[in-house]
Amino acid sequence: MIERICEKPEIYNIHIPLPNNPLKNLNCYVMKTTAGSLVVDTGFAKQECLDALTAGLRELNVDMDHATLYITHLHADHTGLVDCIRTDQTRVIMGTEDYSYMGKIFNDEIWPEYNRRLIEEGFPKADILTQKKENPVVIYAPKEIFAAEPIKAGESFFIGDYEFESVSTPGHTPGNTCLYLKKEKIMFTGDHVLFDISPNITCWPFVRNSLEDYLISLDKIAGYDIHLALPAHRKHEMDVYERIAQLKNHHIKRLQNIFEIVKKKDYQNAYEIAGQLRWSLRENTWQTCPIRQRWFATGETLSHLDYLVQMNRIIKVKDGDLFVYRAK
Ligand SMILES: [Zn+2]
């Protein structure tokens, strides 16, 4: 399905389905200009995604030899199909931070480290092994790293007279970016600002405080003059500044909830704390919800615990093989 977003500049949204995924779809934006097209993000390395993307690009008559493919961040639903749609002539651009972090993922330096941390934080070891086989983040990622032109934070590139600034917004991923069409004041927000779902903020190996990074990055985007904000998933009909305020509020409330839970009982591990929080688990309880949801929820809880530790509100100590938390 293709949706026309605006006439001048000419922007379309190719809906890429993400079956069995709460994100529902990826919005792949295509901007057509006389100097070639811009394509933003791609979809999972999965047949349904590839079919929708290639059909959409064909219908819009996008010539990939004269296209610039911009990747907002390293997640598989954005990077999965880069090598499937590019030609030798396609310009592929991605923020330098996430591009090098993605290199570490392909070198197997990140997921083992991440899973090791989850186990130390109380996540059941057997579940880690199971989720590895079914986690879309892992199984629908590209098979190997694709070649790209890394772009530095704040740098611009041009398509004809259109100037695009790569805006560094770390938090959702270590080197997450948004893309700002300067004169037209259009912000492709990637997963940094989503409108009807809150972006997952997890703890990342080699990142000190993802949530703090994310909150700072929200303020950064709020400082831009934005006439139209285009998120990478689901709908886009909402005031971006209002949404930024809601997202900040969501995390402040969650920090308070976690602090209350930590205060209730001394020495709980992160997995136990995550189990007491409210999540949208549909009809499931914490015990019966799929491993993947508990995996994401524990990561999200850890980013908030890291924040509270950094802010000196709680302390983290080792208890046997596990880390546990208590209020100060
Ligand atoms: Zn993402």
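The values are calculated or read from the model by the stated rules, or taken from the named source; none is laboratory data. These figures come from a predicted structure and were not determined experimentally. For neighbour counting, all protein chains shown are included, and Cβ atoms are generated from backbone atoms with ideal geometry for every residue, glycine included. Ligands, DNA and RNA are stripped out before the accessible areas are found, and what is left, the full protein with its side chains, is counted by its heavy atoms. Shrake-Rupley method; radii C 1.70, N 1.55, O 1.52, S 1.80 Å.
Give the stretch 3-13 a look and list any residue that's touching a residue at least 24 places away in the same chain (Cβ under 8 Å) and touching a Phe, Trp or Tyr at 6+ places or on another chain (Cβ under 8 Å), or say none. Walk me through it before giving the result.
Kept after step one, since they are touching a residue at least 24 places away in the same chain (Cβ under 8 Å), are these residues of the stretch 3-13: 5-6, 9, 11-13.
Matches in the stretch 3-13: 5, 9, 11, 12, 13.
Sort out for me the strands (runs of 3 or more DSSP E) sitting completely within the stretch 150-265 that have 3 or more residues that are more than 16 Å from the ligand (Cβ to nearest atom) and touching a strand residue (DSSP E or B) at 6+ places or on another chain (Cβ under 8 Å). Outline the logic, then answer.
Working: elements: 156-159, 162-168, 177-181, 186-190, 228-231.
The strands (runs of 3 or more DSSP E) meeting that bar are 156-159, 162-168.
Looking at 219, 266, can you tell me which residue is of a type in the set (Asp, Glu), modelled with pLDDT of 95 or more and out of contact with any Ser or Thr (no Cβ under 9 Å at 6 or more places or on another chain)? Before you say what the answer is, go through the steps one by one.
Working: 266 fails: modelled with pLDDT of 95 or more.
That would be 219, the only listed residue that is of a type in the set (Asp, Glu), modelled with pLDDT of 95 or more and out of contact with any Ser or Thr (no Cβ under 9 Å at 6 or more places or on another chain).
Look at the stretch 62-91 and say how many of its residues are within 16 Å of the ligand (Cβ to nearest atom) and open to solvent by 60 Å² or more (accessible area, probe 1.4 Å).
Of the stretch 62-91, the ones within 16 Å of the ligand (Cβ to nearest atom) are 70-82.
Among the residues that remain, those that are also open to solvent by 60 Å² or more (accessible area, probe 1.4 Å) are: none.
Summing the residues that are within 16 Å of the ligand (Cβ to nearest atom) and open to solvent by 60 Å² or more (accessible area, probe 1.4 Å) in the stretch 62-91 gives 0.
Need pairs with beta-carbon distance below 6 Å; first residue touching a residue at least 40 places away in the same chain (Cβ under 8 Å) and within the stretch 122-147, second open to solvent by 50 Å² or more (accessible area, probe 1.4 Å) and not in a helix (DSSP H, G or I); sequence gap 6+ or separate chains.
What qualifies is 122/322.
Quick one: is residue 13 of a type in the set (S, T, N, Q) and either surrounded by 15 or more Cβ atoms within 10 Å (Cβ to Cβ) or at pLDDT below 95 (or both)?
Details: of a type in the set (S, T, N, Q): yes; either surrounded by 15 or more Cβ atoms within 10 Å (Cβ to Cβ) or at pLDDT below 95 (or both): yes.
So residue 13 fits the description; yes.
Quick check, is residue 94 crowded, with 18+ Cβ neighbours inside 10 Å, outside any loop (DSSP other than H, G, I, E, B) and in contact with a Leu (Cβ under 7 Å, 6 or more places away or on another chain)?
no
What number of residues within the stretch 148-181 are without any contact (Cβ under 8 Å) to a residue 60 or more places away in the chain and open to solvent by less than 60 Å² (accessible area, probe 1.4 Å)?
9
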